[in-house]
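The structure under discussion appears below in the form of structure tokens.
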Amino acid sequence: MARHIFFATSEIYPFSKTGGLGDVMGALPLTLHKMGMPVAVITPFYGRLRTGRHKIDHVAENLHVGYPWEPVTTDVYSTNIQGMPVFFIDRAEYFDRKYYYNTPAHDYFDNAERFIFFCRASLALMRRLGTPPAIVHIHDWQSALLPAYIHYYAREDPFWANTSTVCTVHNLAFQGRFSSRLFAGCGLPAEAWNMEGVEFHGDLNMLKAGLVYANRITTVSPSYAKEILTEEQGYGLAGLLRRRAGDLVGIINGADYSIWNPSTCRFLTANYSPEDLSGKKICKEDLIVELGLLPQLINRPLLGFIGRLHDQKGIDLLNKIVPQLMQHHDLGIIVLGEGREDYELESMALARAYPGRYCAVVKYTEDLAHRIQAGCDCFLMPSRYEPCGLTQMYALKYGTPPVATAVGGLKDSIRPWPAPDATGFTCYRPAPGELYDCIMKACAVWTQNRPLWIEMMIRAMNKNFTWNDSAKKYIEIYRELGLKT
Ligand code: ADP
Ligand code: GLC
């Protein structure tokens, strides 16, 4: 059996997803698999997977996760996506819950324990499968202890001696930072508890384990790879990242056009393409009806926002300028998102204040996300920072030019107006005034120069952020780490 590349991830679409991580894990490993790489994925068996909607088999029972969790065991389930194995780590007390990481009110109190368990169970599973992995590729803090375990285990256990590790940072702001008490229970040797290890200002920092011990670090766009080296965007880890800059690379995500493509999208009432845009107008009409917006908006700019309602996404910057936009301009705004309660309430209050023109859908609905991408004229993404961002890539493909902040992956994927090859609009700083001006620029082109707008739409729709290109860059890293295929 070829030595495997194991992906360890807390989300993988279509089994689990809270945001872009789920989308990326639904596409990148499968692309690698189709390119002939021996990839397998390990992920938690969340409660919602028990419904029977997916065909998943029980493949191992009572696998011991090992010291210092001696009596604790995991069951393992498995399925495959087009021949690529996916293993699910099952322990109901940790993963059979309504939410993934947090309720609307707070994080689950035992998140550290849940994901220490996930990492340890992943090690036990890889051990059980028998062939030492060539590469273990982890994603974000939930799986970031794995490189640390493998680093220390390799000293005593020849099984791990030739396993290399890659840590991909999808969002440096989420680090899995917990009380130092939890270090004792995670099973790493005492020597890992210092500033050069997993200790971070007296706390256990799980993402730091990945950043310190992985052989390579990647993040999800070239611009974000530079930004995280600065104190402003480094979230306390810039110094460490600068020391490891030689091992750090930014690889832009791709978009999965088998799911996000207006010419085939099954959630739309009408499909369309750069050659025939007529379906987009039908999508707009239908969206206006679906969300109860004023019918006259069909002839006015309709702007959409989709995202987690957190500081990162700048929903507060948008909401701040909504009264001014609504009073002085004839346009419509749709917000789809959930997250911080105050942002949810603020968005709902604006919807009450401007009925028929500002609509807030405070929930998570995959199909409506597609219909908003298709039915809007412009996509709003005023992020304070954005490691990559997938929604703007989807917006480009749906012919919905983005209005975004020029940060991270947004900078790397949107060509700003007035360049002759523009695909959207960007502003430099995440500030309400700049966002307002940027929206005004977009609306001016939309209303005053429709041929130019349509050219921009078509250019945007023809942009391809293919996973093949990104996957090749990951393969280069795996080969540098000794993968032989
Ligand atoms: P992030 O990972 O930071 O949340 P991305 O742009 O990379 O941002 O990916 C977000 C993904 O989550 C997209 O697939 C987007 O459509 C989806 N999404 C976010 N919020 C919602 C929501 N409320 N309903 C449906 N889909 C959502
Ligand atoms: C994170 C980032 C987002 C990125 C996604 C997938 O959630 O916030 O910018 O697109 O991960 O890499």
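If the condition is being in contact (Cβ under 8 Å) with a residue 60 or more places away in the chain, away from ligand 1 (no atom under 16 Å from the Cβ) and within 15 Å of I475 (Cα to Cα), then segment 3-29 contributes R3, H4, I5, F6, F7. Could you list all residues from segment 5-24 that are assigned to a loop (DSSP other than H, G, I, E, B) and crowded, with 21+ Cβ neighbours inside 10 Å? Those that are assigned to a loop (DSSP other than H, G, I, E, B) and crowded, with 21+ Cβ neighbours inside 10 Å: T9, S10, E11, I12, F15, S16.
Residues in segment 235-254 that are away from ligand 1 (no atom under 16 Å from the Cβ) and hydrophobic (A, V, I, L, M, F, W, C): L237, A238, L240, L241, A245, L248, V249.
The one condition from (1) assigned to a strand (DSSP E or B); (2) within 16 Å of ligand 2 (Cβ to nearest atom) that A27 does not meet is (1). When L207, L172 are checked against the criterion of being touching a helix residue (DSSP H, G or I) at 6+ places or on another chain (Cβ under 7 Å) and either assigned by TED's automatic domain parsing to the domain that holds F87 or free of Cβ contacts under 8 Å to residues at least 12 places away in the same chain (or both), a single residue qualifies: L207.
Every condition in (1) of a type in the set (F, W, Y); (2) modelled with pLDDT of 95 or more; (3) within 16 Å of ligand 2 (Cβ to nearest atom) holds for Y354 except the one numbered (3). Residue check: I439 meets all listed conditions (1) surrounded by 20 or more Cβ atoms within 10 Å (Cβ to Cβ); (2) assigned by TED's automatic domain parsing to the domain that holds A161 but one, namely (2). Taken over segment 286-302, the residue count meeting the criterion of being away from ligand 1 (no atom under 16 Å from the Cβ), crowded, with 16+ Cβ neighbours inside 10 Å and of a type outside the set (V, I, T) is 6.
The values are calculated or read from the model by the stated rules, or taken from the named source; none is laboratory data. Keep in mind that this is a model prediction, so the values were computed, not measured. Methodologically, a virtual Cβ is constructed for each residue, glycine included, from the backbone with ideal geometry; neighbour enumeration extends over all protein chains shown.
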